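Peer 1: Below you will find the structure I want to go over with you.
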Amino acid sequence: MKRSSQLDQYKRFVGEDVLAQIYRAAESLAGLHVLHVNTTAQGGGVAELLHSLIPLMDELGIPHSWKVIPLDEASNLFAAHLVDLLQGIEHGSIPQEDQRVFLDTLRRTPATGQLEENQADIYFIHDFQLAPLATFFPWIRPALWMCHVDTAHPDPGGKEYIDQFLDAYNVCVFNTPLSIFQDLPPEKAHVITPTIDPFSEKNRYLTPAKGLKLLKDCGIDTTRPLITQVSRFGNWKNPWQVIDVYRLVKQELPSVQVALVGAMEAADDIKAMEILTDIQGKAGNDPDIHLLYDPTVIRHPQVNAFQRYSSVILQRSIREGFGLTVTEAMWKYQPVVGTSVTGLRAQIIDGRNGYIADDTEGCARDTLKLIQDRELWRKLGKQAHERVRNNYLFPTMVLEYLGALTKALGNSQTAGHSKGVLDRAS
């Protein structure tokens with residue numbers, strides 16, 4: 001197989017053995033046409049994943065295409081309620097009438113009807129709200145569904161809603177083993193660990209001079225300590241606690257500042273403005289609380305600068321399927337003060353490459369410790385970087401992704417759904 005220049009650049013990070021495994025897996029799938037479907041082209045981890053994955057797959061001889069199905073405001077509100085149920089934040093069943101209205105809208109969305117114009121050999125459906133697609137349209141087979149949220153402890157009502165659509169999928173994919181639905185047959189479950197691209201604009205090295213200028217341009221006093229959380233303005237990201245932590249630290253260190261950085265560019269993030277308004281009220285007139293959300297200002301270089309040159313990075317999520325912003329910060333030698341939610345426990349080893357603290361007081365203590373003891377900060381940051389290098393770089397995800405396609409094709413043939421190209425890929 002012809003080698004990929006895009007893939008080979010990772011050799012210095014992951015070694016030739018991993019690359020050789022990818023080439024072997026890709027060769028067995030050559031010529032397979034894969035169609036990815038999700039709800040937004042920009043913003044959020046799914047879009048970033050596909051922007052990196054699709055060009056590489058094309059280069060490896062596995063043609064990929066991508067279809068976005070944007071949802072209206074009412075559908076996004078339904079999805080916001082559903083995700084809170086799936087993550088166990090809210091409780092209760094979804095009224096049948098609400099389900100009917102959403103499903104009817106999804107069927108009639110113009111982009112949904114146009115899917116048939118983009119037929120493929122295998123379909124990869126992202127996002128919990130699009131799970132009904134393979135049931136609606138039997139020609140979407142074989143298919144994989146990937147749930148990108150934290151379903152380690154789902155509310156029974158939310159899980160019951162999703163369960164009715166899963167028989168149509170050959171493989172169901174989750175971010176970590178802890179998020180796999182407990183009653184899902186093992187042969188149908190698969191894990192694809194989200195990873196980062198160290199060569200992307202958001203993650204590649206940024207000099208101190210450039211990074212500090214970008215922070216200064218965002219209104220940050222670069223001569224004083226800075227606490228930062230990079231994430232959407234979502235209720236499960238818990239931005240309120242970030243401000244509480246900052247205020248406790250400020251009692252001991254009056255010069256400290258805090259930044260909540262989350263560009264509002266994801267069309268399906270329906271509650272973001274409501275949450276931002278609430279956070280603005282909590283922040284009041286404090287000039288040291290920086291709320292940065294304008295997508296024309298907060299772009300990848302700015303995110304890179306905040307993650308790389310803040311004094312301490314927090315991630316106060318109350319639910320998190322994985323947490324790519326944590327991975328990004330750890331790659332930049334930042335020990336993150338996170339919580340004990342599913343995705344963060346997979347990455348942060350408490351006291352070794354960061355800290356796990358759920359309560360506000362514990363987080364404030366760890367934050368203050370890292371600001372005041374920079375030798376400790378450097379030591380933990382180096383371990384954080386190595387954790388990402390060994391586990392969460394793009395080739396690792398590519399190998400798991402190719403494994404998911406292979407598993408879906410095998411399950412499809414077992415179920416009698418094989419197509420012509422599938423025989424060649426088995």
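Peer 1: Please give the calculated 222 nm ellipticity per residue for the chain, where each DSSP H segment of at least 4 residues contributes -39500 (n - 2.57) and the sum is spread over every residue; nearest 500 deg cm²/dmol?
Peer 2: Mean residue ellipticity, 222 nm, calculated: -13500 deg cm²/dmol.
Peer 1: Carbon-plus-sulfur fraction of the accessible area of the chain, 1.4 Å probe, in percent?
Peer 2: On the chain, the fraction of accessible area on carbon and sulfur atoms equals 51 percent.
Peer 1: Relative to the Cα centre, what is the charge dipole magnitude of the chain, using +1 at the beta carbon of each Lys and Arg, -1 at the beta carbon of each Asp and Glu, and rounding to the nearest 20 debye?
Peer 2: With Lys and Arg at +1 and Asp and Glu at -1, about 1560 debye.
Peer 1: So, in nm, how far is label ARG352 from label ASP167 when the simple model puts each one 7 Å beyond its Cα toward the Cβ?
Peer 2: In this crude spin-label approximation the distance works out to 4.4 nm.
Peer 1: Treat each spin label as a single point 7 Å out from the Cα along the C-beta direction, and report the ASP183 to ARG100 distance in nm.
Peer 2: Placing both labels 7 Å beyond Cα along the Cβ direction yields 2.5 nm.
Peer 1: I'd like the FRET efficiency for ASP217 and GLN372, computed as 1/(1 + (r/R0)^6) with the beta carbon distance as r and R0 of 30 Å, rounded to 0.05.
Peer 2: For R0 = 30 Å, the calculated efficiency reads 0.60.
Peer 1: From the Cα gyration tensor of region 176-216, with a ≥ b ≥ c the square roots of its eigenvalues, which class applies: rounded if a/c is under 1.5, or else prolate if a/b is larger than b/c, or else oblate?
Peer 2: Since a/c reaches 1.5 and a/b is larger than b/c, the shape of region 176-216 is classed as prolate.
Peer 1: Counting only heavy atoms of the protein chains, get the accessible area per residue of the chain (1.4 Å probe) and round it to a whole Å² value.
Peer 2: Heavy-atom accessible area per residue stands at 40 Å².
Peer 1: May I pose another question? How high is the relative contact order of the chain, given as a whole-number percent (alpha carbon pairs under 8 Å, six or more residues apart)?
Peer 2: 18
Peer 1: Along the Cα→Cβ direction, 7 angstrom out, place labels at VAL297 and HIS153. What is the inter-label distance in nm?
Peer 2: If labels sit at VAL297 and HIS153, their model points lie 3.7 nm apart.
Peer 1: Related question: From the gyration tensor of the Cα coordinates in the chain, what semi-axes in whole Å does the equivalent ellipsoid have, largest first, with each one equal to sqrt(5λ)?
Peer 2: Semi-axes (√(5λ), whole Å): 37, 26, 19.
Peer 1: Label 7 Å along Cα→Cβ of HIS33; region 105-134 residues with amide nitrogen under 17 Å?
Peer 2: Counting backbone N atoms under 17 Å from the label point, the list is 114-125.
Peer 1: Name the shape class, rounded, prolate or oblate, that the alpha-carbon gyration tensor gives for region 186-330, where a ≥ b ≥ c are the square roots of its eigenvalues, rounded holds for a/c under 1.5, and otherwise prolate holds if a/b is larger than b/c and oblate otherwise.
Peer 2: Oblate, because a/c is 1.5 or more while a/b does not exceed b/c.
Peer 1: A further question follows. By how many nm would the segment from GLU361 to ALA209 lengthen if fully extended, with 0.36 nm per residue of separation less the alpha-carbon distance?
Peer 2: Working it through step by step, the gained length comes to 51.3 nm.
Peer 1: Let me ask something additional. In whole angstrom, how long is each semi-axis of the equivalent ellipsoid of region 307-374, when you take the square root of 5 times every eigenvalue of its Cα gyration tensor and sort them from largest down?
Peer 2: Its equivalent ellipsoid spans semi-axes of 17, 14, 9 Å.
Peer 1: Just name one of TRP236, GLN251, ALA272: the one whose Cα is farthest towards the positive end of the charge dipole of region 235-311 (beta-carbon charges, Lys/Arg +1, Asp/Glu -1).
Peer 2: The Cα lying farthest towards the positive end belongs to GLN251.
Peer 1: Can you spot the lysines whose alpha carbon is less than 21 Å from LYS282's alpha carbon? Ignore those fewer than 8 places along the same chain.
Peer 2: Candidates past the 8-residue exclusion: LYS237, LYS250, LYS271.
Peer 1: Could you calculate the contour length gain from GLN21 to SER200, that is, 0.36 nm times the residue separation minus the distance between their Cα atoms, to one decimal place in nm?
Peer 2: Length gained between GLN21 and SER200: 62.1 nm.
The values are calculated or read from the model by the stated rules, or taken from the named source; none is laboratory data. Since the model is a prediction, treat every value here as computed from it, not as a measurement. Positions of Cβ are generated from backbone atoms using ideal geometry, with glycine treated the same way; all protein chains shown enter the neighbour counts. Quick note on the areas: whole protein, heavy atoms, side chains included, nothing else; ligands and nucleic acids left out. Shrake-Rupley method; radii C 1.70, N 1.55, O 1.52, S 1.80 Å.
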